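Inspection log for the structure reproduced underneath, given as structure tokens.
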Amino acid sequence: MPQHVQGVIAPGRNEPVRVETIVIPDPGPGEAVVKIQACGVCHTDLHYKQGAINDEFPFLLGHEAAGIVESVGEGVTDVTPGDFVILNWRAVCGTCRACLRGRPWYCFATHNAKQRMTLLDGTELSPALGIGAFAEKTLVAAGQCTKVDPAVAPEVAGLLGCGVMAGIGAALNTGNVGRGDTVAVIGCGGVGDAAVVGARLAGAAKVIAVDIDDRKLAKAKEMGATHTVNSRDADAVESIRELTGGFGADVVIEAVGRPETYEQAFYARDLAGNVVLVGVPSPEMKLELPLLDVFGRGGSLKSSWYGDCLPSRDFPMLIDLHQQGRIDLAAFVTETIGLGDVEKAFARMHEGDVLRSVVVL
């Protein structure tokens, strides 16, 4: 029997979000219904609300979540009812050209639930990143459920579903930060601070945090940054060079997603250094760089998709490190809120008041 639950939708471009009754169908083949326990308020959800992802309104927002599998459809064997899971938006197919080449973290045919969740009047909803977890329950592809240790608090575990994994993975997986490297992170929101954590975890000798907000820089220092630069007061490129013997950083992680900060990242790296773009740009943004500089500086310019993570490998590993006390995932949680507080959480995010607001159900 279909279930009626409460969820947060974005009805139209830049319209206030609101709580509505959502109809959740029984899971079909390869699908699972998950009872959501916690879901982080991610900047990507704001992008959906603003129409910066696409215009397939109304959206069922929320994707950075953890919960309990309630029921599964035909053919599902990897998870069973009662499993504690983190939801991911990279449910690998196993058969595309990336998967067959042994690179499933690049899977080009990831799974989502085939059935649609709806409003009471039958209006079909577009779930954010195929998840839609600002809701009491949601329907996902079973491959979007990654089992982890249930001893971890849901509001902590869920953060690996997007922002924290994206940042840590940008350092560990995409940037290949190594022992003794110098790393600069431009943009110190949740993803940027996670990149700081990832860089320190990889053994970076120096981690330089760059932002225009002293509050964010102070938090980045708490997360493990060795140096901070307020780029409102000082030239970011020159400051990074000064802190790296005049050379630039081995790896620069851009966690803003704007042309001007990407250009800073490009010129703030050492010769043959790596630039990693993990910040998400909007469709109208353009970048112009001298091609001779692209050639002459060498190295690599990479985009980090979801921290190039493989959820089945990386989620349990990072939860284990958290339980060992080697990384503090709880430090990312600024506040816990209810479903009716998501619009206020977007405002707090915009003002830079929070690292992460987390909806707890």
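Each value in this text was obtained by applying a stated rule to the coordinates, not by laboratory testing. Everything numeric in this text was worked out from a predicted model, so none of it was measured. As a convention, Cβ positions derive from the backbone with ideal geometry for all residues, glycine included, and neighbour counts pool all protein chains shown.
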TODO: Pull up all non-local amide H partners of Gly257: gap of 5 or more, or a different chain, and H-to-H distance under 5 Å with H placed in the peptide plane.
DONE: Gly279
TODO: State, in angstrom, two size descriptors of the stretch 86-172 derived from its alpha carbons: Rg to one decimal place and Dmax to the nearest whole number.
DONE: 14.6, 46
Open item on the list: For a test of the definition: using alpha carbon positions, the gyration tensor, and the 1.5 limit on a/c, classify the stretch 181-264 as rounded, prolate or oblate.
Closed with: rounded
- [ ] Could you pull out the longest piece of the chain with no exposed loop chymotrypsin sites (Phe, Trp or Tyr not before Pro) in it, calling a site exposed if DSSP puts it outside H, G, I, E, B and it has at most 14 other Cβ atoms within 10 Å?
- [x] 109-246
Open item on the list: Under 5 Å between amide hydrogens, which residues at least 5 positions from Ala249 or on another chain qualify, with H placed 1.01 Å from N in the peptide plane?
Closed with: Arg269, Asp270
Open item on the list: Looking at the chain, identify the longest residue range that excludes and avoids all trypsin sites (Lys or Arg not before Pro) in DSSP loops having at most 12 other Cβ atoms within 10 Å.
Closed with: 14-100
TODO: Kindly work out what percent of the DSSP beta bridges joining two residues of the chain are antiparallel, to the nearest 5.
DONE: 55 percent
Open item on the list: Please compute the modelled spin-label separation between Arg116 and Asp328, points set 7 Å along Cα→Cβ, answer in nm with one decimal.
Closed with: 4.6 nm
Task: Cα pair distances in the stretch 240-361, grouped into 10 Å bins until the bin that holds the longest one, percent each - done: 11, 26, 33, 23, 6, 0
Task: GNM result for the chain, Cα springs below 10 Å: residue of Ile253, Ile186, Ile337 fluctuating most strongly - done: Ile337
Open item on the list: How much of the pair distance distribution for the stretch 1-48 lies past 14 Å, counting alpha-carbon pairs only, in percent?
Closed with: 63 percent
Open item on the list: Among Pro290, Pro11, Pro81, which one shows the highest mean-square fluctuation when the chain is modelled as a Gaussian network with alpha-carbon springs under 10 Å?
Closed with: Pro290
Task: log10 of Debye I(q)/I(0), alpha-carbon scatterers only, for the chain at 0.07 Å⁻¹ - done: -0.29
Task: the chain - charge dipole about Cα centre, Lys and Arg +1 at Cβ, Asp and Glu -1, debye rounded to 20 - done: 740 debye
Task: Under 20 Å, Cα to Cα: Lys pairs in the chain, sequence gap 8 or more or different chains - done: 11
Open item on the list: Counting pairwise Cα distances across the stretch 301-355, what percent come out greater than 15 angstrom?
Closed with: 66 percent
Open item on the list: Only Cα pairs within less than 10 Å get springs; with that Gaussian network setup on the chain, which residue of Gly102, Gly198, Gly167 has the largest fluctuation?
Closed with: Gly102
TODO: Report ³J(HN,Hα) in whole Hz for each residue of the stretch 79-95, in order, from the Karplus equation J = 6.51 cos²θ - 1.76 cosθ + 1.60 where θ = phi - 60°; Gly and Pro get x.
DONE: 10, 9, x, x, 5, 8, 9, 9, 7, 10, 9, 10, 8, 5, 8, x, 10
Task: Karplus-derived 3J(HN,Hα), 6.51/-1.76/1.60, for each residue of the stretch 118-128, Hz, glycine and proline x - done: 9, 7, 4, 7, x, 4, 6, 9, 9, x, 4
- [ ] Would you please classify the overall shape of the stretch 1-127 from the alpha carbon gyration tensor, given that a ≥ b ≥ c denote the square roots of the eigenvalues, rounded means a/c under 1.5, and beyond that prolate means a/b larger than b/c while oblate covers the rest?
- [x] oblate
Task: Kirkwood hydrodynamic radius of the stretch 47-118, Cα pairs, Å - done: 14.7 Å
TODO: Convert each backbone phi in the stretch 273-290 into a coupling constant with the Karplus relation 6.51 cos²θ - 1.76 cosθ + 1.60 (shift: θ = phi - 60°), then list the ³J(HN,Hα) values in order as whole Hz, x for Gly and Pro.
DONE: x, 10, 10, 10, 9, 10, x, 9, x, 8, x, 7, 6, 10, 10, 10, 9, x
